[in-house]
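Worksheet: the structure to be examined is printed underneath.
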Amino acid sequence: MNESTETTGNFAEMFESSLARMDKLKPGQAVKTAIVSISKDTVFLELSGKSEGVLDLAEVTDSDGKPTVAEGDVITAYYLDSKGGVPRFTVRIAGESAKNEMIENAFRNEIPVEGVVEKEIKGGFEVKIGGTRAFCPFSQMGGKRGEQAESPVGKHLTFKVIEYKDGGRSVTVSNRAILEEERRAQREEQKAALEEGMVITGKVVSLQKFGAFVEINGLQALLPISEISRSRVEKVEDALSVGQEVEVKIIRLDWQNDRITLSRKSLEADPWDAVAEKYAKGTKHEGTVSRVAAFGAFVTLEPGIDGLLHVSEISGGVQHGEAKNEVKSGDKITVVIKDVDLRARKISLRSVSSFEQDKAAQSYLNSKDDGETYNPFAALLKKK
């Protein structure tokens, strides 16, 4: 026997040995294997030696029909049967493969099963998996409470068999368990991909009074109302809309509680960087009253820069609780910078009339004779 004949014989022995091992596989048995190649409708899986298994490509495509796997990827597949000497695998039990034996294996080996939600019944839903009817309780349908936006009846969904009794006459399934496993897998992927301080683009998926939920890489993160803009945001819907793409910064990752917090404000230029130069003490500025409180009025000098016009500084001798009678939100007014505290990010304002009155008084004091009593009205008359 020459070397070529010997080599051919070895390959044949390995192939037969491999097929023998495949014969020992039981329906539902899990196999961790690499993808050898992908054809138009089939995924070829590496088993051992020269042996390959096959998987329907449709099982690993997204909603747009694009494959979610690539050559070289390692996946977990479940043995179905062998046809023409070729082992067939699945990533979920569905259709003709969903026989009682396979559903029992799915229960014992935690294999996902695919079924159609047929109708709503007492306590939950009736689900048809191949020729088997299963029960999915209300509590096990959909994601977290409040996430089930519409009825699942008529939909093809993936489930986990959580109870198998009486030879398949009593089968209970959970859709929520599948969704939670997907979330956990996504979270593990995102742990490696995301980090605090990262800037990322996401899509606004819902608006709430306290902020907006933004989808980033398949996960939902919170953009609090206080982090939407450096300008004051009263209503989230005035600044954002569902479906809008936004660039945000990740300011907190709390994997333990599944919370991601975002900021849009931190990506905007900080107007306080120029406050000392633009708003020097004693300078006049135009502003808009943004909010009125018992102790005074907040005046917006520019987006992100508000100053407080204390009730005692509002013209007309306003007393506590009466500021709303003198100014209202939306009023355009001229104010004078009284003081700037950069560290606390606070600006104190004065009304122009109060400022002018003090200037007149100071001018009068500088010009009056020694011993003369100060009269504010005389100071104003003298100014005129």
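For this structure, a couple of remarks:
Yes/no matrix, rows are residues, columns are (1) closer than 20 Å to LEU253 by Cβ; (2) loosely packed, with under 12 Cβ neighbours inside 10 Å; (3) over 14 Å from the mean Cα position of the chain (by Cα):
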position	(1), (2), (3)
ALA177	no, no, yes
ARG184	yes, yes, yes
PHE213	yes, no, no
ASN217	yes, no, no
GLN220	yes, no, no
SER229	no, no, yes
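- For region 107-117, taking the residues that are free of Cβ contacts under 8 Å to residues at least 60 places away in the same chain and part of a strand (DSSP E or B), the one that is nearest to ALA30 (Cα to Cα) is identified as GLU114.
- Residues in region 209-242 that are touching a Lys or Arg at 6+ places or on another chain (Cβ under 6 Å) and in a helix (DSSP H, G or I): GLU227 only.
- Qualifying residues in region 62-93 (those that are assigned to a loop (DSSP other than H, G, I, E, B) and surrounded by 14 or more Cβ atoms within 10 Å (Cβ to Cβ)) - the one modelled with the lowest pLDDT: ARG92
- The set of residues in region 26-71 being small (Gly, Ala, Ser) and within 24 Å of GLY115 (Cβ to Cβ) consists of GLY28, ALA30, ALA58, SER63, GLY65.
- Among the residues making up region 326-354, those that are of a type in the set (A, V, I, L, M, F, W, C) and in a loop (DSSP other than H, G, I, E, B) are VAL327, LEU342, ALA344.
- Matching residues, region 312-353, being farther than 19 Å from THR288 by Cβ, small (Gly, Ala, Ser) and either outside the structural domain of THR300 (by TED's automatic domain parsing) or at pLDDT 85 or above (or both): ALA344
- Any pair with Cβ under 6 angstrom, 6 or more apart, that starts in region 128-156 at a residue that is within 14 Å of VAL173 (Cα to Cα) and modelled with pLDDT of 90 or more and ends at one that is of a type in the set (S, T, N, Q) and part of a strand (DSSP E or B): PHE135/THR172; GLN140/SER174
- Sole residue being loosely packed, with under 12 Cβ neighbours inside 10 Å, of a type outside the set (A, V, I, L, M, F, W, C) and either modelled with pLDDT of 80 or more or not in a loop (DSSP other than H, G, I, E, B) (or both), chosen from GLU59, GLU104, GLU46, GLU96: GLU96
- Failed criterion for SER206 (all others in (1) part of a helix (DSSP H, G or I); (2) within 30 Å of ASP238 (Cα to Cα) hold): (1)
- Residue within region 256-266 that is surrounded by 12 or more Cβ atoms within 10 Å (Cβ to Cβ) and under 30 Å from PHE107 (Cα atoms) present: yes
- Condition check for GLU120: acidic (Asp, Glu) and either in a strand (DSSP E or B) or in contact with a Phe, Trp or Tyr (Cβ under 9 Å, 6 or more places away or on another chain) (or both): yes
- The residue pairs whose first member lies in region 158-174 and is closer than 15 Å to GLU101 by Cα and in a strand (DSSP E or B), whose second member is at pLDDT below 90 and not aliphatic (A, V, I, L, M), and whose beta carbons are closer than 7 Å, counting only pairs six or more residues apart or on different chains, are VAL161/PHE107; TYR164/GLU104; TYR164/PHE107; VAL171/THR132.
The values are calculated or read from the model by the stated rules, or taken from the named source; none is laboratory data. All values reported here derive from a predicted model rather than from experimental measurement. With ideal geometry, Cβ positions are generated from the backbone for all residues, glycine too; neighbour counts draw on all protein chains shown.
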